[in-house]
2 protein chains.
Amino acid sequence: MRIVIVGGVAGGMSAATRLRRLDEDAEIVVLERSGHVSFANCGLPYHVGGVIEERSALLLQTPQSLGARFGLDVRVGREAVALDRASRTLRVREVATGAEEELGYDVLILSPGATPVRPPVPGMERALVLRDVEDTDEVVAAVAGARSAVVVGGGFIGVEVAENLVHRGLDVALVEATGQIMAPLDPEMVEPVHARLRERGVDLRLGSAVTAVGERTVSLADGTELPADVVLAAVGVRPDSTLARAAGLETGPRGGIVVDEHLRTSDPHVFAVGDAVEKRDALDGSPSLVALANTANLQGRLAADVIAGLDVADRPVLGTSVVGVFGLTLASTGWSEKRLRAAGRAYRAIHTHPANHAGYYPGAEGMALKLLVDPETDAILGAQGVGGAGVDKRIDVIATAITGGLRTADLAELELAYSPLYGSAKDPVNMLGYIDRNHRDGLVETIQWHELQDRLDAGAVLLDVRTPAEHEAMPIPGGINIELDRLRERLGELPEGELVVHCQAGLRGYLAARVLAQHGRRAVNLDGGYLTWAARPGRDEDETTAAGDDTDRGSSAG
Amino acid sequence: MRIVIVGGVAGGMSAATRLRRLDEDAEIVVLERSGHVSFANCGLPYHVGGVIEERSALLLQTPQSLGARFGLDVRVGREAVALDRASRTLRVREVATGAEEELGYDVLILSPGATPVRPPVPGMERALVLRDVEDTDEVVAAVAGARSAVVVGGGFIGVEVAENLVHRGLDVALVEATGQIMAPLDPEMVEPVHARLRERGVDLRLGSAVTAVGERTVSLADGTELPADVVLAAVGVRPDSTLARAAGLETGPRGGIVVDEHLRTSDPHVFAVGDAVEKRDALDGSPSLVALANTANLQGRLAADVIAGLDVADRPVLGTSVVGVFGLTLASTGWSEKRLRAAGRAYRAIHTHPANHAGYYPGAEGMALKLLVDPETDAILGAQGVGGAGVDKRIDVIATAITGGLRTADLAELELAYSPLYGSAKDPVNMLGYIDRNHRDGLVETIQWHELQDRLDAGAVLLDVRTPAEHEAMPIPGGINIELDRLRERLGELPEGELVVHCQAGLRGYLAARVLAQHGRRAVNLDGGYLTWAARPGRDEDETTAAGDDTDRGSSAG
């Protein structure tokens, strides 16, 4: 049996090596368009920045090493240009010479990945992209001697490349057409990353459309000309389904190859895996494009298992992701609030601002966490985190909880490894569960940062229960101030009507709301407190956002 | 209604503050024997070492601050010495004066914690313990001017104190009666911690019984006299159930107070929480003593919820734990292999030696992970990890997976946040799932390090499939060497009979076993490879254990 695999990176090579482990006798041919297989595609931006110094570190395997270890016939610089499904034959072009030949298969696995999108803008053809080792070589060469760079697009690659070009000493502008980078996340979770990019000297241009790419400039719709010795296009990728489509394989509404839960395309002899295929969303089952290496690897392995007759099935995707930006971590799993709102789904949002470990142990780093919950079922719909150490851990725990079908309230009871070096006796994830229980049990009602103005316009009074010093240093305009520890004795001073209570991070506001409710007052708590409000998009950049809170003092010694 | 709480640290104070949030009108009295409430008990060893410089950092709250914020009546230096359940009255002694008074309650919550055990050895009464702030002051005072210290007992506290006394510049011996520290974990997972302690100058005495504590010495059973300006007893704790027992409340087989799932004792007006109560084990439901801060906090809150009429129930415990030792992390959840063996339960064990993030990104740190699996149901029975950064994250993810009822094979499909800075495209947790699937599907058979000698004695041949250079530098005695990449061509050189294959960490051994099996040879893989074998207890201390592996090269680019 001959199995031919198109694409020799994550999904394709996972399929190839797994197939060999399952079948010592099969003939396995891997075709790779670029000059390299099994390269570290997620590491490419870091080689541009010199963080990964040696180019050779990106090259995890060679055709020779894969031949020796796995008996694979790996052919680089070979592009599959046509697929004749009737005769089970590929037409393969040698990239260097243009010479073509036919290659028959018994089973075909397509793992072509995704193609960078270039915006249809004059001059954009001179923009570089970053998809493979050859692209990386081009970027590294272009950067040598350059003084300025413009990165177009604020997704994963754009942000990683912008940081790395700063590491190379260039003046870097990052141009993003929408109002925020990292589009799938909610704006108040991304704002700290905007701030960090600016702190490190990136000229961040949000809501800016590129109108032209010149010789050494990039023109924006507002008339700005940005200096640009180097231009890098990173506005996104689309599934590379050209070959599949031309061969009449079914593609889906998002442009990806359609596969069933066994990774089989509409042709039973053809499988497809990785960035080129449409996945099923874990929340609503809708077609989803998730271009992530772990999913590609898993699918490659599963396709091999199916071919070998094992009983496996592909899983739906949460789209868990993480990106590091100048030491800040931004991570996410499941749906965002804006996606839920756009879909018209009911949700409740919870924001917290915990530290990664006990505050009394030196070196604690802050983070913001956001959880989205189904108010009917208490299911976890999504989570986002931004901050220092430990963000990735909490998102991983929540992603695992979602996969395990845990309800949000169950997060309170998770037994997570605690010592003051690693967490808190009530871990940030536990706290999300505790807060959710308070909502579920009707102990508190909250409003979100984007709902505050409407409430105040409708006549509610904003009550800051932080200390007078905090109130003065970091005010939300229009609020009155009675600190929590004197609230009981000063209840008589409160004006009539609905109260919106807030503190720094949300805990004291919750405590105050409990006091007020038990004294017959209607009070809602501003979710996430001042810190979440201060991270709203479009805020004055001079506002203070760095201050901590005494969130956990009082009950969580350990 | 008056609610009296005995014990003002984790569980007790969680109960008190939660009660106030649920009931603004209740009278809440907290009695604390020591002079401090809500202190950071898990931080005490680090103040001894000066890592937490300020003593005040340990004192998270005062009676005054708790009075102002929560309206609590907090009485420190007050010990509950007798409980008359018929009249619902406590006898309370003022520690400083001995004066006693009666205190009535409507509801009583016992949260007295656990008491350090002192081994019955002559002179042991002069050993210090570390349980509260006063103990800490004593240790800090004793350490000033001291040159040598002996810590008796290698559990959490003993290990943390030993490290911190080294930070203080003392010559430190750590004496442990059994063959390993951190008794609940398996020996090969603890061995790297033994090595680290010795590297940092701790005189580690395993299998050593203390026979006497002298003026400035500690005598061991083998006749050794250890210099000991300071002696600290940390051989464990027992539930502080004296008051409960004297009052006729039911206690359990492990000596803790018996409570139902609502934290109610055998008296419906008396609740008990925290280290003093017996929990139910998550795996088999047996009574379990788990003295951990997160469980104490959770129980305190749940008891308050029950009292306030909310519908909650206590959960069983996994006993997830973590300890840091000179930069090394040792973490665990669920059952160990030795506990499973002692209970006669079937299991399979999986050892891996991954890096915390992509090896091609600078700064990757290695770890050892161990997973224990029910071979019938594929349930996750337990996990342990030891190493650098990222160990706590993996144990937390696995603890969450257990709580969510995920099977081991499901770990392969978990979507964990991946970028080269944070993990691998196949995360270490995913790899455990992949390996488990290979076992489940009969693709490989492994043996454990402690089964190797028996196999070899029975005539099996040990085959090292690493490179000749690795074989020579780090041999397992008696093995022959054919490197994996030449195995297919050299099959004819192999002797007859069963083969035990091994490599450095287990992956290449698995690949070789697949090749051999498909060529009709019976081959079992040494689980965890050389690295796990080299961490076996009693090994020659000069053996090399630090070498890495190329575990993930080949199929998990990303």
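The values are calculated or read from the model by the stated rules, or taken from the named source; none is laboratory data. The structure displayed is predicted, hence computed values, not measured ones. Here Cβ is always computed from backbone atoms with ideal geometry, including for glycine, and neighbour counts include all displayed protein chains. Only protein heavy atoms, including side chains, enter the accessible area calculation; ligands, DNA and RNA are left aside. Shrake-Rupley method; radii C 1.70, N 1.55, O 1.52, S 1.80 Å.
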Residue in segment A:508-527 that is farthest from the other protein chains (Cβ to nearest Cβ), counting only those that are open to solvent by less than 10 Å² (accessible area, probe 1.4 Å) and assigned to a strand (DSSP E or B): A:L526
If I ask for residues that are touching a Phe, Trp or Tyr at 6+ places or on another chain (Cβ under 7 Å), in a helix (DSSP H, G or I), in contact (Cβ under 8 Å) with a residue 40 or more places away in the chain and under 30 Å from A:V159 (Cα atoms), which ones from segment A:7-48 would you list? A:Y46
B:G388 meets each of (1) under 30 Å from B:L165 (Cβ atoms); (2) surrounded by 24 or more Cβ atoms within 10 Å (Cβ to Cβ); (3) modelled with pLDDT of 95 or more with one exception, condition (2)
From the list A:D410, A:D378, A:D396, exactly one residue is over 20 Å from A:G528 (Cα atoms), surrounded by fewer than 23 Cβ atoms within 10 Å (Cβ to Cβ) and either within 12 Å of another protein chain (Cβ to nearest Cβ) or touching a residue at least 60 places away in the same chain (Cβ under 8 Å) (or both). Which is it? A:D410
For segment B:17-46, what are the residues that are within 10 Å of another protein chain (Cβ to nearest Cβ), more than 13 Å from B:A296 (Cα to Cα) and of a type in the set (G, A, S)? B:A40, B:G43
All positions within segment B:474-507 that are open to solvent by 20 Å² or more (accessible area, probe 1.4 Å), of a type in the set (A, V, I, L, M, F, W, C) and within 12 Å of chain A (Cβ to nearest Cβ): B:L491, B:L507
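So that you can scan it fast, the table gives a plain yes or no per residue for (1) assigned by TED's automatic domain parsing to the domain that holds A:T17; (2) under 27 Å from A:L263 (Cβ atoms); (3) at pLDDT below 95:
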position	(1), (2), (3)
A:S56	yes, no, yes
A:V74	yes, yes, no
A:L90	yes, yes, no
A:V107	yes, yes, no
A:P119	no, no, yes
A:T136	no, no, no
Quick one: is A:A142 open to solvent by less than 10 Å² (accessible area, probe 1.4 Å), under 11 Å from A:V231 (Cα atoms) and in the same structural domain as A:E215 (by TED's automatic domain parsing)? no
What about A:A358, is it outside the structural domain of A:L289 (by TED's automatic domain parsing), in contact with a strand residue (DSSP E or B) (Cβ under 6 Å, 6 or more places away or on another chain) and hydrophobic (A, V, I, L, M, F, W, C)? no
Give segment A:420-430 a look and list any residue that's over 25 Å from B:L411 (Cα atoms) and more than 7 Å from every other protein chain (Cβ to nearest Cβ), or say none. A:S424
Within segment A:266-283, tally of residues that are closer than 14 Å to A:A114 by Cα and either part of a loop (DSSP other than H, G, I, E, B) or at pLDDT below 95 (or both): 2
Single condition B:A425 does not satisfy, out of (1) open to solvent by 30 Å² or more (accessible area, probe 1.4 Å); (2) part of a loop (DSSP other than H, G, I, E, B); (3) not acidic (D, E): (1)
Tell me, please, whether a residue that is within 13 Å of another protein chain (Cβ to nearest Cβ), outside any loop (DSSP other than H, G, I, E, B) and of a type in the set (G, A, S) can be found in segment A:437-449. no
What number of residues within segment B:469-499 are in a helix (DSSP H, G or I) and under 38 Å from the mean Cα position of the chain (by Cα)? 6
Give the number of residues within segment A:259-295 that are charged (D, E, K, R) and within 14 Å of chain B (Cβ to nearest Cβ). 5
List the strands (runs of 3 or more DSSP E) that sit entirely inside segment A:203-265 and contain at least 1 residues that are of a type in the set (S, T, Y) and in contact with an Asp or Glu (Cβ under 7 Å, 6 or more places away or on another chain). A:217-220
Of the residues that make up segment A:41-49, is at least one under 28 Å from A:I257 (Cα atoms), open to solvent by 20 Å² or more (accessible area, probe 1.4 Å) and of a type outside the set (S, T, Y)? yes
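Residue-wise test of (1) more than 14 Å from chain A (Cβ to nearest Cβ); (2) open to solvent by 40 Å² or more (accessible area, probe 1.4 Å); (3) acidic (D, E); (4) part of a loop (DSSP other than H, G, I, E, B).
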{"residue": "B:S56", "(1), (2), (3), (4)": "no, yes, no, no"}
{"residue": "B:E79", "(1), (2), (3), (4)": "yes, yes, yes, no"}
{"residue": "B:A86", "(1), (2), (3), (4)": "yes, yes, no, yes"}
{"residue": "B:V92", "(1), (2), (3), (4)": "yes, no, no, no"}
{"residue": "B:P122", "(1), (2), (3), (4)": "yes, yes, no, yes"}
{"residue": "B:D135", "(1), (2), (3), (4)": "yes, no, yes, no"}
{"residue": "B:E160", "(1), (2), (3), (4)": "no, no, yes, no"}
Go through (1) surrounded by fewer than 22 Cβ atoms within 10 Å (Cβ to Cβ); (2) more than 25 Å from A:V277 (Cα to Cα) and name the single condition A:R75 misses. (2)
Which number in (1) surrounded by 24 or more Cβ atoms within 10 Å (Cβ to Cβ); (2) assigned by TED's automatic domain parsing to the domain that holds A:V159 marks the one condition that A:N294 misses? (2)
Test for B:G334: is it open to solvent by less than 10 Å² (accessible area, probe 1.4 Å), within 13 Å of chain A (Cβ to nearest Cβ) and over 23 Å from A:A57 (Cα atoms): no
Just checking, does segment B:358-374 include any residue being more than 14 Å from chain A (Cβ to nearest Cβ), free of Cβ contacts under 8 Å to residues at least 60 places away in the same chain and over 22 Å from A:Y361 (Cβ atoms)? yes
Mind telling me which of the residues A:A401, A:A417 ends up being part of a loop (DSSP other than H, G, I, E, B), open to solvent by less than 10 Å² (accessible area, probe 1.4 Å), modelled with pLDDT of 95 or more and within 9 Å of another protein chain (Cβ to nearest Cβ)? A:A417
Quick check on segment A:261-276. Is at least one of its residues open to solvent by 70 Å² or more (accessible area, probe 1.4 Å), over 25 Å from A:M124 (Cβ atoms) and within 28 Å of the chain's Cα centre (by Cα)? yes
Residue set B:L432, B:L462, B:L456; condition open to solvent by 10 Å² or more (accessible area, probe 1.4 Å), outside the structural domain of B:E188 (by TED's automatic domain parsing) and touching a strand residue (DSSP E or B) at 6+ places or on another chain (Cβ under 8 Å); output residue B:L456
Please tell me if B:L463 is under 30 Å from A:K393 (Cα atoms) and either without any contact (Cβ under 8 Å) to a residue 60 or more places away in the chain or out of contact with any Phe, Trp or Tyr (no Cβ under 6 Å at 6 or more places or on another chain) (or both). no
